[in-house]
Structures are given as C-alpha cells and as structure tokens.
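Below is one structure; the comments refer to it alone.
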Amino acid sequence: MPAMRVARVLTNETCNQACGFCSARRPAERRDFVVAPAVVRRIDAALSAGAREIILTGGEPTMRRDLADLVRYARSRGAARVVLETNAALVTGDSARALAREGLDMARVHLPAFGPEADAITRDEGGFVATLAGIRALANAGVPLKSPRRLFRRTCISSQTSRPDFELQTSTSCASS
C-alpha cells in the first residue's frame, strides 16, 4: 500500500454553526476524543503513516483554544503543510496571527452562500458577517485562503488569496476549485 500523503485530523466534533447538510458535527464533544493528547496521537499516527500534509478539521477547529499549539505541534513533527478547514466565524485578529506564527499554510474557508442566504444555510444569524471578518483576519495575518467551491450563483471568492485587502469578487464566470 502506498504511503498516505494527506491526512484529515479531526480536532473536535462540535461546531458553532448548524448546517443541515453537515454530518461532521455532534451535539456534544466526546472528551476522550477531543483532549489534546488524543489529537496529538492522531497527528502522530498520520505522520507515521507517511502524511506530508495535515488538514485540521472538525466540527469547527477554531472552537479549540489550543488550535495554534496543534499547528505548531504538527509542524514540529515534520508536517510539510498544515491546512485548516474552518467556517472562520470565530477567527479573530489575535487567533489568526497566532495560527500564522505557528506555521499554518492555508485556511480552507467554508462559505456556502452569500449574505442572508449563508446565515439561513448555517443557521447562524450573523455568521456570514462573522465569517467575512474571520477571512479578513486570516488574510491580514498572511494566511493564504481557499474557498473549496463557487459560492452563490454569480458571486465567488477568488480561489486563493493572501491579500490583506481581501474582497469578495463578483463575476459571471467564477471558476470552481
């Protein structure tokens, strides 16, 4: 069997949003699953199996206070890349700078729609505005961003940006990534 190159590591099981289509969240955390030593063991197992890229995912990883520590740990153990899958709604300037400082290579931001439609899908009133603030914080900290898909009809985020002047871009032909 060939060596694993990319590994998704669950950091937690709960989320600050409640997307109807999501099966990655639970109503409550299983403590033995989410304690730092358990997550560290999953990172170690992935790296031992040959992973070069660690994707920290959840639930919503930014609900963890020690997320930057997990990024630093993965880098210190030899991860060539560390990627965060997030809705970014809880990201602040301080947390974005900490993630960047500890070696986060990219944030994949989930944004299922634009404006009020996003709040309806995520069942998180104000979540869209919070996500935009989180995206800006990550961009300002120098963390490259990626949106995994076209967002909403004619509105999309450029597929990758690390520009501090991040803006939503409207186009009639947004490329899907």
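List of remarks:
- Here's how it looks for Val9: its modeled amide H is under 5 Å from those of Ile55, Leu56, Thr57, which are all 5 or more places away or on a different chain.
- Backbone amide hydrogens, once placed in the peptide plane, bring Met106 within less than 5 Å of Val82, Leu84, excluding anything fewer than 5 places away on its chain.
- For segment 18-63, fraction of C-alpha pairs farther apart than 12 Å, in %: 70
- Note, ³J(HN,Hα) from phi for segment 129-142, Karplus 6.51, -1.76, 1.60, rounded to Hz, x at Gly and Pro: 4, 5, 5, 4, 5, x, 4, 5, 4, 4, 4, 5, 7, x
- Model label points for Ser48 and Asn16, set 7 angstrom from Cα along the Cα-to-Cβ axis, are 3.4 nm apart.
- Full extension of the chain between Ala38 and Arg81 gives 13.4 nm of extra length, using 0.36 nm per residue less the Cα-Cα distance.
- Length, then width, then depth: along the principal axes, the Cα atoms of segment 6-170 run 43, 34, 26 Å.
No lab work stands behind these numbers, since they all come straight from the coordinates. Just so it is clear, the structure is predicted and the values come from calculations on it, not from any experiment. FYI the Cβ positions are ideal-geometry reconstructions off the backbone, even for glycines, and counts take in every protein chain you see.
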